[in-house]
Structure formats: C-alpha cells, structure tokens
1. First obtain the Kirkwood hydrodynamic radius of the range 11-56 from its Cα pairs, then insert it into the Stokes-Einstein equation at 25 °C and 0.890 mPa s, and state the resulting D in µm² per second as a whole number.
2. Scan around residue 89 for amide H atoms under 5 Å from its own, H built in the peptide plane at 1.01 Å from N, and keep only partners 5 or more places away or cross-chain.
3. May I ask you to work out the translational diffusion coefficient for the range 1-83 at 4 °C, viscosity 1.567 mPa s, via Stokes-Einstein with Rh from the Kirkwood sum over Cα pairs, reported in whole µm²/s?
4. For the range 74-153, would you read off the P(r) tail past 20 Å as a percentage of all alpha carbon pairs?
5. Pop out the ³J(HN,Hα) list for the range 84-98 in order, Karplus 6.51 cos²θ - 1.76 cosθ + 1.60 with θ = phi - 60°, rounded to Hz; leave Gly and Pro as x.
6. Counting GluC sites (Glu not before Pro) as exposed when in a DSSP loop with at most 11 other beta carbons within 10 Å, what is the longest stretch of the chain free of them?
7. Write down the percent of antiparallel bridges among all DSSP beta bridges whose residues are both part of the range 48-142, to the nearest 5.
8. At a probe radius of 1.4 Å, what is the per-residue accessible area of residue 140, in Å² to the nearest 10?
Amino acid sequence: MEEIQKKAPTIQEYKNILRKYSLKATDQRLAVHRAMLRLGHASADMVQESVIEEGVSKITAASAYNILREMTDLGVYTLRMSSTSKMYFDVNSFDHIHLYDTVNNTYRDIMDDELMELIREHLRKKRFRGYTVQGLDVQIKCKPTKAKSRIHP
C-alpha cells in the first residue's frame, strides 16, 4: 500500500511540483505558498495580506486567487467553501478532518487516523451506482463555547 504524504509540501517540494508542470517558481508563487504554509486555511485576500506583510513580493488579491486556483487544479491545495460562500484554500491536500467554526468562519485541521480509517472501512462495503469514491472530505461544524467568544479582527 502506498504511503500517503500527510504534510503540506515544503518550499523545495513546491518548486519540484512547479517544475513538473513546467511552471516557473516566480516570486509571487513562492510568496503565496509561504503564506499558505503560515496560514494553513486562507482566502485570497488573507494570502494577499500575508504576502504583503512578509515584504518580499507585491501581489493583488486577484493574482493571489489565480495562483491559489491554479495550485488547487494541480492538487497542491484543496478548496473549502464557508457558510458565507467565501472560498478558503487548504494547504493540506490529503484526507483529513476539518473543524469548521460557523461563527468565525475559520477552519482547524483535526488529524484522527483512527476515525478516518473507520470511515474508509465503512465505505469499502458501500457501492454508489455510477460513482467511484475519490477521497474523503469530513467537516465538523461547530460554534465557540461561551468561554471562547467571537474572534474580532
């Protein structure tokens, strides 16, 4: 059985991915990936802000979005949609669980190999006529407890 990589690509691995698809490792592409490594889950405007704060490259929200979509199409990132229909990108493209805070519209990765294997085992016994299961996308919706109030930017 093939071992699934359970971490985001490092900068060097990212450069190798770009090379594999004959894409240049531009300052903007590298800055976007560094921002995604810092943020984990982010919208294009969050990535733009992080890149600008880093001070290495300038980027517009549209350029950040285009790079994020391009990398999602290549399988480097995955796409998540919040309850407000805002797109968030996830630097971890392997199967894992998300804890989605519906009040603050934030995501947190939950690594629970035991639960993921239980779900996979259950699905192995199921057939979905006309479909082949490609992967798992488990999201647990939650809201902060009273002790943890709404996050204010």
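1. Using the Kirkwood radius from Cα pairs, D works out to 226 µm²/s.
2. 42, 43, 80
3. 98 µm²/s
4. 45 percent
5. Ordered by residue, 3J(HN,Hα) equals 9, 6, 8, 7, 10, 10, 10, 6, 9, 9, 8, 5, 7, 9, 10 Hz.
6. Counting only loop sites that pass the neighbour cut-off, the longest clear stretch is 4-153.
7. 65 percent
8. Here the residue's solvent-accessible area equals roughly 70 Å².
The values are calculated or read from the model by the stated rules, or taken from the named source; none is laboratory data. Please read these numbers as outputs of a predicted model, since none were measured by experiment. Note: ideal-geometry Cβ built from the backbone for every residue, glycine included; neighbour counts use all protein chains shown. Quick note on the areas: whole protein, heavy atoms, side chains included, nothing else; ligands and nucleic acids left out. Shrake-Rupley method; radii C 1.70, N 1.55, O 1.52, S 1.80 Å.
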